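Trainee: Following this message is one structure expressed as structure tokens.
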Amino acid sequence: MIYPVTEESLRLAAAAIRAGELAAFPTETVYGLGGDAFNPRALAKIFQVKGRPRFDPLIVHIARLESLEDVADLSALGPQAREHAARLAAEFWPGPLTLVLPKRASVPDLATSGLATVAVRFPSHPAARELIRLSTGAVAAPSANRFGCLSPTRAEHVAEQLGDRLGIILDGGPAAVGVESTVLDMTAARPRILRPGGLSRARLEALLGPLPGPGETPGELCSPGELRSPGLLPGHYAPRTPLCLHGRREMAALPYREDEAYLFFSRSSRESWGMPGAVEVLSDAGDSVEAAANLFDALHRLDRLGLRRIHAEAAPPELLGEAINDRLGRAAAGVLKPALP
Ligand code: AMP
Ligand code: MG
């Protein structure tokens, strides 16, 4: 059931999480499916409800900086990584940045898929922060969708995918950032981006200097033996409708078909194509921050039309364009069908 965010609904959701149940809640990135990060039974429910394979670790959400040491052991980092982690937290938390850090034993292995590291984020959405504070101070929360499917940026998206398996969905309106957090590994020799997301590479590099990212070390990040970050799998974030990704010029040259849909990055790209039909524009002005906020909502709308194919235009790679292209690229790889846990 969907409840607007109020003091009362926050208390109801917090009580559910304290009791080992789950609740979906708004964050600034996408809606989360939350459970007590310290309770293995709650964690097992998260995997079950999402149909998420257990090799894909969860992000633990905190709502005060002091809670970081409850879940992560910063003393196990080298001095420079420790200093970087402290500066990143001071600069970008609360916000769309997830840090991968050495894990404390208090966090069950199920949360981290047996890894010695834990992914931690401090979200900025007031309802998320209040819910975390009122419940257990550390809430494991992947996106509140079925594994591999489009991410939810509205409460209705959650209800569509998980409404039959979930008692509480808090509605805090559309997600402001609209793409998942940037995941930064602090345990490698140098920090590196495992997943581009709502905090741009440029802002991280202004603080840390040039960073290696998925584009530069693909083999290493997703080798068959060791999945450094399982969220990097292709075939994620996928609509049911097959999706093709195109460059701007390729997109402008597409023939119009009434049984296909078209997702443009900017108004000017849409106008250079000029046809009628099932069309969405991510940002009139071609602003990647606005485009990211609209991305999943536009994909949900096009997907609901049940057409033959969605053609999507890649974003210019600057700022949040990297995250947008990452999501569209995985969507184009189709839905991955893992064995259910
Ligand atoms: P989601 O919760 O669906 O946004 O996905 C969480 C993302 O964080 C996935 O890409 C995970 O693979 C990644 N992640 C979570 N924990 C770790 C970890 N300990 N090491 C590396 N990546 C992680
Ligand atoms: Mg997800």
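Trainee: Any residue at all in the range 212-220 that is more than 27 Å from LEU22 (Cβ to Cβ), in contact with a helix residue (DSSP H, G or I) (Cβ under 9 Å, 6 or more places away or on another chain) and either at pLDDT 85 or above or buried (at least 17 other Cβ atoms within 10 Å of the Cβ) (or both)?
Mentor: yes
Trainee: Further question: Do any helices (runs of 4 or more DSSP H) entirely within the range 1-88 hold 3 or more residues that are under 19 Å from SER124 (Cβ atoms), and if so, which?
Mentor: 7-18
Trainee: Additional query: Pick from VAL100, VAL107: which is open to solvent by 10 Å² or more (accessible area, probe 1.4 Å), outside any helix (DSSP H, G or I), at pLDDT 95 or above and among the hydrophobic types (A, V, I, L, M, F, W, C)?
Mentor: VAL100
Trainee: Could you say whether any residue in the range 171-194 is buried (at least 24 other Cβ atoms within 10 Å of the Cβ), within 22 Å of GLU21 (Cα to Cα) and in contact (Cβ under 8 Å) with a residue 40 or more places away in the chain?
Mentor: no
Trainee: Same structure, new question: Which count do you get for residues in the range 110-136 that are within 10 Å of ligand 1 (Cβ to nearest atom), in a loop (DSSP other than H, G, I, E, B) and open to solvent by less than 40 Å² (accessible area, probe 1.4 Å)?
Mentor: Going through the range 110-136 one residue at a time, the tally reaches 1.
Trainee: Also: Check LEU77, LEU33 and return the single one that is within 16 Å of ligand 2 (Cβ to nearest atom), of a type in the set (A, V, I, L, M, F, W, C) and in contact (Cβ under 8 Å) with a residue 60 or more places away in the chain.
Mentor: LEU33
Trainee: While we're on this one: Quick check: anything in the range 147-164 within 16 Å of ligand 2 (Cβ to nearest atom), among the aromatic types (Phe, Trp, Tyr) and on the phi < 0 side of the Ramachandran plot?
Mentor: Yes: the range 147-164 contains one or more residues that are within 16 Å of ligand 2 (Cβ to nearest atom), among the aromatic types (Phe, Trp, Tyr) and on the phi < 0 side of the Ramachandran plot.
Trainee: OK, next. Output the number of residues of the range 137-154 satisfying the condition of being more than 9 Å from ligand 1 (Cβ to nearest atom), in a loop (DSSP other than H, G, I, E, B) and not aliphatic (A, V, I, L, M).
Mentor: Count: 6.
The values are calculated or read from the model by the stated rules, or taken from the named source; none is laboratory data. Computed from a predicted model, the values in this text were never measured in an experiment. Heads up, the Cβs are rebuilt from the backbone with ideal geometry, glycines too, and the neighbour counts pull from every protein chain shown. These area figures cover heavy atoms from the full protein model, side chains too; ligands, DNA and RNA do not enter into them. Shrake-Rupley method; radii C 1.70, N 1.55, O 1.52, S 1.80 Å.
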